[in-house]
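**Q** Once you've had a glance at the structure underneath, I'll fire off some questions.
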Amino acid sequence: MAGDGRLVVISNRVAVPKARGAAGAQGGLAGALNAALKDRGGIWFGWSGEETEIPSETIHLDRTDGVTTATIDLSAQEVEEYYNGYANSTLWPLFHYRIDLAEFEKRTGQVYERVNERFAEGVSPLIDAEDLVWVHDYHLIPLGERLRARGLKNRLGFFLHIPWPPTRLLTSLPFHERLVNSMLTYDLIGFQTEEWLSSFLHYCENELGAEVDAQSGRVTFEGRTTTARAYPIGIDWDHFQAQGQTDDARRAQKRLLASTRHRTAMIGVDRLDYSKGLPERIDGIGRFFDEHPERARDLVFIQIAPPSREDVESYQQIRALLEQKCGQINGARSEVDIVPIRYVNRGYSHAELFGFFRAAKIGLVTPLRDGMNLVAKEYVAAQDPQDPGVLILSDFAGAARQLEADGTGALLVNPHSPDAMASAIATALDMPLEERQARYQAMIGTVRDDNVQAWTAEFCKQLASD
Ligand code: F6P
């Protein structure tokens with residue numbers, strides 16, 4: 001029966017052994033897929049992260065920690081036009097509701113299609129007839145169609161890790177019908193939340209004229225039927241807890257506590273990306289200090305922000321803006337022995353992050369738009385149940401739908417409002433122990449049980465059975 005075979009995962013980035021460990025910079029997807037492949041066996045195919053002068057046919061095979069990876073190099077021009085270009089200067093901003101930052105260049109769209117064809121060419125010979133094939137994220141939307149064109153009959157799944165935009169935003173993308181039409185080649189399409197799923201179904205029905213059954217998520221178009229569902233991704237709970245027991249985690253916790261002395265630590269950990277709402281977050285902290293100047297002596301904010309996609313101009317601009325805003329507040333509020341904001345431009349291991357999260361009494365996760373946001377879940381997972389910290393979470397993160405718990409879990413904020421953020425910080429700082437414990441209890445079950453293993457099992461089960 002189809003689906004009894006291995007799992008073949010295809011994504012733009014593969015956590016090749018030399019890149020493993022840099023968890024802070026790598027983000028959630030890499031850790032999630034590693035865990036899935038260890039569980040089921042199979043292959044992980046993608047870009048090696050290396051650039052060559054001309055496109056190369058070589059496939060690099062590696063087997064480490066029970067996971068086989070197969071990677072191809074891309075040429076410098078492909079990286080520029082497919083990765084920096086169409087994926088990260090067109091689709092990423094548009095799907096994060098930033099049409100003002102989206103660039104529409106015919107050329108980058110063509111190279112995006114060409115790289116998807118190269119992926120199909122490279123991975124097809126590695127796929128056995130019984131394998132489940134699971135493609136990830138916005139870099140590879142047309143890949144399913146390319147694989148079908150090569151005669152692949154396997155069950156094909158696709159998961160979108162980022163939001164799906166409202167229909168009228170998506171229609172600003174030239175050739176949007178073609179992109180979505182190619183997506184309908186997959187047998188199963190997964191989204192992080194019901195909100196993104198319903199925007200997708202709305203587009204299929206109203207723009208493509210597909211037949212949509214919202215209840216079952218079945219979309220029928222031009223004689224093909226695909227199923228679209230929401231599968232909220234979770235963290236690798238066991239791995240993260242194990243990391244929390246290491247010396248590295250304990251040292252990181254002590255180091256942070258020693259450096260903040262009697263002050264309360266508040267932490268943010270994000271890739272340096274405009275979707276994460278970092279300048280807006282600093283404005284919220286600025287507003288808090290304006291309203292409570294005396295508390296600049298009680299509170300220290302640590303923002304860990306590893307640089308990301310540095311060749312893309314909008315990322316250079318957000319970095320400059322963030323540096324300027326942190327500098328302004330520190331200039332205005334510092335004393336010889338007090339600096340209210342620490343801004344760190346590097347990534348840390350999962351063990352160190354666990355220690356930092358445990359030491360911080362407030363976690364600030366305030367993206368302007370985010371598919372899920374696993375940092376929010378990791379912050380909760382790292383807390384001491386007897387004396388937990390408070391999570392302040394953007395209403396626009398996919399994770400909000402799971403962690404708000406009808407107002408009894410995370411403190412939800414509008415990240416566009418400095419007043420709302422300032423007020424949430426004040427509430428968190430003064431929150432009594434019993435309320436912190438109750439809010440932690442309202443969130444911890446979903447963080448622990450709706451984990452990455454459950455997510456993978458659920459998606460693969462559905463993919464194999466439909
Ligand atoms: O959010 C989408 C995503 O693919 C994450 O899963 C991942 O952590 C991040 O983007 C990585 O971005 P990049 O591969 O461009 O560094």
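**Q** Considering each residue of the stretch 128-160, count those that are part of a helix (DSSP H, G or I) and either within 16 Å of the ligand (Cβ to nearest atom) or in contact (Cβ under 8 Å) with a residue 60 or more places away in the chain (or both), and give that number. Reasoning before the result, please.
**A** From the stretch 128-160, those part of a helix (DSSP H, G or I) are 138-140, 143-149; that's our starting set.
From the residues that got through so far, the ones that are either within 16 Å of the ligand (Cβ to nearest atom) or in contact (Cβ under 8 Å) with a residue 60 or more places away in the chain (or both) too are 138-140, 143.
Residues that pass the stated criteria total 4.
**Q** Can I ask one more? Of the residues Ala36, Ala87, Ala76, which single one is among the aliphatic types (A, V, I, L, M) and more than 23 Å from the chain's Cα centre (by Cα)?
**A** Ala76
**Q** Name, by its number, the condition in (1) open to solvent by 20 Å² or more (accessible area, probe 1.4 Å); (2) in contact with a Phe, Trp or Tyr (Cβ under 9 Å, 6 or more places away or on another chain); (3) under 27 Å from Asp270 (Cα atoms) that does not hold for Ile59.
**A** That leaves (3) as the condition not met.
**Q** How about the stretch 87-111: which of its residues are within 14 Å of the ligand (Cβ to nearest atom) and under 26 Å from Leu152 (Cα atoms)?
**A** The answer is Ala87, and nothing else.
**Q** A further question follows. So which residues in the stretch 357-382 are open to solvent by less than 10 Å² (accessible area, probe 1.4 Å), in contact with a helix residue (DSSP H, G or I) (Cβ under 6 Å, 6 or more places away or on another chain) and within 20 Å of Arg250 (Cα to Cα), if there are any at all?
**A** Passing the criteria: Phe357, Ala359, Ile362, Gly363, Lys377, Tyr379, Val380, Ala381, Ala382.
**Q** Within the stretch 331-442, which helices (runs of 4 or more DSSP H) (wholly inside it) include 3 or more residues that are closer than 28 Å to Phe191 by Cα? Can you show your working first?
**A** Details: elements: 350-359, 374-381, 400-403, 418-429.
The helices (runs of 4 or more DSSP H) meeting that bar are 350-359, 374-381, 400-403.
**Q** Now, a different point. Evaluate the following for Ile282: is it at pLDDT below 95 and among the β-branched types (Val, Ile, Thr)?
**A** On the way: at pLDDT below 95: no; among the β-branched types (Val, Ile, Thr): yes.
Taking the combined requirement at face value, the residue does not satisfy it.
**Q** Take the residues in the stretch 257-279 that are surrounded by fewer than 21 Cβ atoms within 10 Å (Cβ to Cβ) and part of a helix (DSSP H, G or I), then tell me which one is nearest to the ligand (Cβ to nearest atom).
**A** Selected residue: Pro279.
**Q** Moving on. Go through the stretch 290-318 and count every residue that is among the basic types (Lys, Arg), at pLDDT below 95 and touching a helix residue (DSSP H, G or I) at 6+ places or on another chain (Cβ under 9 Å).
**A** 1
**Q** Whether any residue in the stretch 290-301 is touching a Pro at 6+ places or on another chain (Cβ under 9 Å), within 28 Å of Arg401 (Cβ to Cβ) and among the β-branched types (Val, Ile, Thr) is what I want to check.
**A** No, the stretch 290-301 contains no residue that is touching a Pro at 6+ places or on another chain (Cβ under 9 Å), within 28 Å of Arg401 (Cβ to Cβ) and among the β-branched types (Val, Ile, Thr).
**Q** Which residue out of Lys38, Lys18 is away from the ligand (no atom under 16 Å from the Cβ), farther than 21 Å from Ala120 by Cα and either modelled with pLDDT under 55 or assigned by TED's automatic domain parsing to the domain that holds Phe119 (or both)? So that I can check it myself, show each step before the final result.
**A** Numbers: Lys18 fails: away from the ligand (no atom under 16 Å from the Cβ).
Testing whether each residue is away from the ligand (no atom under 16 Å from the Cβ), farther than 21 Å from Ala120 by Cα and either modelled with pLDDT under 55 or assigned by TED's automatic domain parsing to the domain that holds Phe119 (or both) leaves just Lys38.
**Q** Within the stretch 115-155, can you find the residues that are under 22 Å from the mean Cα position of the chain (by Cα) and aliphatic (A, V, I, L, M)?
**A** Val133, Val135, Leu140, Ile141, Leu143
**Q** Can I ask one more? Mind listing whichever residues of the stretch 21-34 are modelled with pLDDT of 70 or more and more than 10 Å from the ligand (Cβ to nearest atom)?
**A** Asn34
**Q** Here are some residues: Arg309, Arg297, Arg319. Which one is in contact (Cβ under 8 Å) with a residue 40 or more places away in the chain, open to solvent by 60 Å² or more (accessible area, probe 1.4 Å) and within 15 Å of the ligand (Cβ to nearest atom)?
**A** Working: Arg309 fails: open to solvent by 60 Å² or more (accessible area, probe 1.4 Å); Arg297 fails: within 15 Å of the ligand (Cβ to nearest atom).
Exactly one of Arg309, Arg297, Arg319 is in contact (Cβ under 8 Å) with a residue 40 or more places away in the chain, open to solvent by 60 Å² or more (accessible area, probe 1.4 Å) and within 15 Å of the ligand (Cβ to nearest atom), namely Arg319.
The values are calculated or read from the model by the stated rules, or taken from the named source; none is laboratory data. Keep in mind that what you see is a predicted model, and the values were worked out from it rather than measured. When we count neighbours, we look across all protein chains shown, and the Cβ atoms used for this are built from the backbone with ideal geometry, even at glycine. All accessible areas refer to the heavy atoms of the entire protein, side chains included, with ligands and DNA or RNA removed. Shrake-Rupley method; radii C 1.70, N 1.55, O 1.52, S 1.80 Å.
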